[in-house]
1. From the list B:Lys66, B:Lys78, B:Lys26, B:Lys19, exactly one residue is buried (at least 19 other Cβ atoms within 10 Å of the Cβ) and among the basic types (Lys, Arg). Which is it?
2. Test each condition in (1) of a type in the set (Val, Ile, Thr); (2) outside any helix (DSSP H, G or I); (3) within 11 Å of chain C (Cβ to nearest Cβ) for B:Ile18 and report the one that comes out false.
3. Scanning for something assigned to a loop (DSSP other than H, G, I, E, B) and either under 27 Å from A:Ala139 (Cα atoms) or more than 11 Å from chain B (Cβ to nearest Cβ) (or both), does the stretch A:293-302 turn up at least one residue?
4. So which residues in the stretch A:172-202 are more than 8 Å from chain B (Cβ to nearest Cβ) and among the aliphatic types (A, V, I, L, M)?
5. Restricting attention to the stretch C:183-211, which residues are without any contact (Cβ under 8 Å) to a residue 24 or more places away in the chain and acidic (Asp, Glu)?
6. Given the structure, is C:Ser241 hydroxyl-bearing (Ser, Thr, Tyr), within 12 Å of another protein chain (Cβ to nearest Cβ) and in contact with a helix residue (DSSP H, G or I) (Cβ under 6 Å, 6 or more places away or on another chain)?
7. If you check A:Ile29 against the conditions, is it modelled with pLDDT of 95 or more and closer than 16 Å to A:Gly327 by Cα?
8. Of the numbered conditions (1) in a loop (DSSP other than H, G, I, E, B); (2) closer than 19 Å to B:Asp186 by Cα, D:Ile52 fails exactly one; give the number of that condition.
Number of protein chains: 4
Amino acid sequence: MINVAIVGASGYTGLELIKILINHPKFNITYIANSTGNTTVSTLHPSLDGVIDMPVEKVDVGQLAKVADIAFLALPHKTSMSFAKELIALNIKVVDLSADYRLKLETYEEYYCLHEDKENLKHSVYGLPEFYEDQIKNARLVANPGCYPTATLLALLPFVPYLDSKSNIFIDAKSGLSGAGKKLSDMTTFVNVSENMFAYNPFKHRHSPEINEKVLELTDIDANINFVPSLIPVTRGMLVSIFVTLEDICDAKQVLKEFYKDDEFVRVKETPVNIKDTSGTNFCDIFVEQNGNALFISSSIDNLLRGASSQAVVNANLMCGFEANCGISKIAYVP
Amino acid sequence: MINVAIVGASGYTGLELIKILINHPKFNITYIANSTGNTTVSTLHPSLDGVIDMPVEKVDVGQLAKVADIAFLALPHKTSMSFAKELIALNIKVVDLSADYRLKLETYEEYYCLHEDKENLKHSVYGLPEFYEDQIKNARLVANPGCYPTATLLALLPFVPYLDSKSNIFIDAKSGLSGAGKKLSDMTTFVNVSENMFAYNPFKHRHSPEINEKVLELTDIDANINFVPSLIPVTRGMLVSIFVTLEDICDAKQVLKEFYKDDEFVRVKETPVNIKDTSGTNFCDIFVEQNGNALFISSSIDNLLRGASSQAVVNANLMCGFEANCGISKIAYVP
Amino acid sequence: MINVAIVGASGYTGLELIKILINHPKFNITYIANSTGNTTVSTLHPSLDGVIDMPVEKVDVGQLAKVADIAFLALPHKTSMSFAKELIALNIKVVDLSADYRLKLETYEEYYCLHEDKENLKHSVYGLPEFYEDQIKNARLVANPGCYPTATLLALLPFVPYLDSKSNIFIDAKSGLSGAGKKLSDMTTFVNVSENMFAYNPFKHRHSPEINEKVLELTDIDANINFVPSLIPVTRGMLVSIFVTLEDICDAKQVLKEFYKDDEFVRVKETPVNIKDTSGTNFCDIFVEQNGNALFISSSIDNLLRGASSQAVVNANLMCGFEANCGISKIAYVP
Amino acid sequence: MINVAIVGASGYTGLELIKILINHPKFNITYIANSTGNTTVSTLHPSLDGVIDMPVEKVDVGQLAKVADIAFLALPHKTSMSFAKELIALNIKVVDLSADYRLKLETYEEYYCLHEDKENLKHSVYGLPEFYEDQIKNARLVANPGCYPTATLLALLPFVPYLDSKSNIFIDAKSGLSGAGKKLSDMTTFVNVSENMFAYNPFKHRHSPEINEKVLELTDIDANINFVPSLIPVTRGMLVSIFVTLEDICDAKQVLKEFYKDDEFVRVKETPVNIKDTSGTNFCDIFVEQNGNALFISSSIDNLLRGASSQAVVNANLMCGFEANCGISKIAYVP
């Protein structure tokens, strides 16, 4: 058993980390913290009453380092890097669920803020296991991907080599409301969301440069990414539609099947994917349909699991020499 | 007052027609029918108990022609043309909400079935008032547009002249469940739809050729339409995302504003449109955002009103010499 | 035409008042205000863009009194009475949608706060038209009932004379989220409400003494009211279940039908009532079922209309000598 | 490992049984069947694609008996007893999720149909572990309780001895739509259910005699049960409100805590219970509030788990000598 810490226990991804790690066969939660401390897990998350009764501490890096070997940071960007820096210095492995170590320095500083841990940024590994498994196994610091980039990259990357390089890539991404976090806002009330749907920040979301950068890094192609996110009246889940134009006609379904034939957490589907079949799991379901040189690629993930916490635990599994699927759920919440 | 008949009173669009016409200042409902008859409006639609107490007859064209001057047909395709043919012969004006008179003969027969009223098909007018107002005013038979084509054409048409003609046009259209009608299906149960979303018939929906044909007819451009519809957990409403590539850079927001400056039922919005702001109205809200040569155009309509019944009444208003907005709601159901 | 003012334009009930009064045949909106002013109706409520373009002023009683003859106050309690007092002094009729004039002084001060307009409180009339029509017609100040009391009293009052006076009356009332207003709270986010349901303030809600007091006033019976409200994942609407024990067996369905035989806004139903059939209307639907000496009485209203704004306009109609139903919708939003 | 069979794999409770048993540490699924066979689990339930790839057979009792020691029957009533009878004869233990063995013969035949396995009915044990644990441990045939009775009995039974025996017991029970099963109906479409709520079969639901009979059996008190079920726009979950009148005033919160102090799957809560905190688990959460001699008792369960499949596995655990909680989830799906 390896001892693990969770920093940032109050939000949805912190809750999901706790839920996964409670039953993990090889990880043992020894430390849970948030920004205020002085509470318990079941006070923060009443559904865990009678399940786990650990205290939630005010985060203290020295304390953490005494009792854990690896830490999950489920914190806002900027806050995260200050803790990560200290933890790495104390020889604690880190899986960071924030954006702080996902991007190149210049990109990060353009879209977020000044970076205060440039040294570790150089060595961080992007935690998308289908593409960075070997690096993750040797990483001390893994930057867990954003939810939109996870669903988008897994669907898009197999096709990048076949695309007409001058054409636009259009991404119409729909997220459930848990993706917006717990912060109160007029936008996320039940009255505003139920029986409604709307785009937000079209072409301007900060997950767009994350997608761009990884496509370039992995394919050497500077793609014309046009990313539009929307909110749908769903709590948990994400459905991404990608529209691209092929340079050479390929058998898209066959390309996809071949690409993921050895990946247990990507399912290539014969019929359009839906949100419920992946909700509660680490699966990414992908479907593709062709119309002449046009492709519609659609992917579905659970934004809190494959888009955050279960992917983080897969990364931790790999970093600790365990099987990728150790303690990871494949059983959807459906119905 | 002009006397009107509604044929096809059982479905959602029939209900909406009744709701609009009850309070219409210039139309007087004199005849309501469905395929079985022998019932009343408030038996079919209990919400109208205490509001309207008319009998619903088994449809009889002769009977109808005695008491009404114009008929709304809210019927399945194929059924609709048999009645339309007889009604036109009896000199009754017809607004047909089915697909029977929307398409050219060859297109219709490719996507639907053999056409049994070719004569009237030649003279039917497509009931999209922003583009066919003059013809509608003189029509005896108006083919009311489909919901997806209404929302798509209104958003797309202003930009067609500016597009790169070789690039694909991608349409990601999301419909509420009332668009699927009342027929029972595993796909439309609450358990399957709530907290879910999925595409259906990607690139193969029958509203796709309707869009194609009208774009060609109105712009002389044979566009590369790629249409993907989805269902979202919403009862009423439709949100369409259109992704296109410009040939020449234009000021898209300005193009849109200029195009619709005289149209009272199209609202050009500065922020992304949503479903609730048009639900209950005949408005089509449109938003556009630009990213280099890429455009995201988004439109919202009430699929049962602007996408069917209120647009039908606007058409009837024009056919009868009334103002387009006579008896048409602009007040959304929100919240 | 009578000129009307709306004070409190920002909330849901303010919006509903505007939506009703825009189309009212005998009222003319001349003044709209909220606490800050300096905005417009369509800025506050974007769905009304292109429909009404009035300014929203910072509330000024003197200004209001120059341009309107009757004012609707859609304000929080306490705020409301300060304006009502001044308006009455200026000879403006008032329909107050807050709790400020609904209760006897002692009850009010026990459940809310000190009352600062005791004089007008003495003369205020409770605006439940089925029971206070004559007084409303002569009132200068009408206290519009709460949503829970409206649905509860209309269902309960016909049966009070038949009840076993020693038995408890149990009320299990479910409200849609618009009833909680626009104030942000963890309780009212989409994530917390969707796929969820829960009671709140059981036996302690401030609408409970309102029900008690009116039952006593109208029947001289001091009933044992036990009121439990819940939130359901619905935006608009309210469903109330009442459980009572009869002293003498009566034909409950007949009692109900007879009681409301002349009331156009109460529908006695033969099958269990639902939320959608009243949503968008001023109707209260009521159903009763009997099991020995036990009764289940269920009522449905639109919490924002019959439970607030349309009932307020009915009251204003009566105060101004118009028909109760003038400009009041009977057509539900369904589907 | 004990080999288990699931008969009735197509419905929601069949799916939940599969989901639980896939990961159960002591049960091994060796046989899955439905009425038609000739399919696979992942064809019936696409979310299990890549998770389990067993065939689904046309049910054959002889075949089943060769490969399994215990069978779960997730079948409609009447169908269930024909298989149970044969299985018991072949010495297979049975957990029956239908109503066939829950009631006394006369009650069953009054509310359901003629009973065709009277012999086994005599020996069946009601599978509510908190009350029948010892009998379950020795049972060959367990009748798994209905969802409404589970939530109702767990909340009501602690208080029955304290109630005024002449007063009515009122139960206002709300169920999510998965409780209505997969059969298509106008009542269960998304359009009818979303933004809606309604009672059905008030005082006449077949779970009412089940509650009656068990209260009498366990307390010797013939209670005046008045049971009204409703559907709420929720997929999974159940919230039951019980209203009763005390004979002697007791400290209700203390009574409840004391009653369940040793039961790991009942949580007595200090604040009103909600659906999400039990969804995905075998927990029953209970809350009680007092108002003079009136009590409001509220309980929440997952209708498909504690109300069906996870309770069935708890029963199987007990029948096989395992710990009650073996393989049973306590981690809710929330958010």
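1. Working: B:Lys66 fails: buried (at least 19 other Cβ atoms within 10 Å of the Cβ); B:Lys78 fails: buried (at least 19 other Cβ atoms within 10 Å of the Cβ); B:Lys26 fails: buried (at least 19 other Cβ atoms within 10 Å of the Cβ).
Only one candidate passes the filter, namely B:Lys19.
2. Answer for B:Ile18: the failing condition is (2).
3. yes
4. Result: A:Ala173, A:Leu177, A:Ala180, A:Leu184, A:Met187, A:Val193.
5. Hit for the stretch C:183-211 is C:Asp186, nothing else.
6. It is false that C:Ser241 is hydroxyl-bearing (Ser, Thr, Tyr), within 12 Å of another protein chain (Cβ to nearest Cβ) and in contact with a helix residue (DSSP H, G or I) (Cβ under 6 Å, 6 or more places away or on another chain).
7. Details: modelled with pLDDT of 95 or more: yes; closer than 16 Å to A:Gly327 by Cα: yes.
Yes.
8. Of the numbered conditions (1) in a loop (DSSP other than H, G, I, E, B); (2) closer than 19 Å to B:Asp186 by Cα, the odd one out for D:Ile52 is (2).
The values are calculated or read from the model by the stated rules, or taken from the named source; none is laboratory data. The model shown is predicted, which means the values in this text are computed figures rather than measured ones. Heads up, the Cβs are rebuilt from the backbone with ideal geometry, glycines too, and the neighbour counts pull from every protein chain shown.
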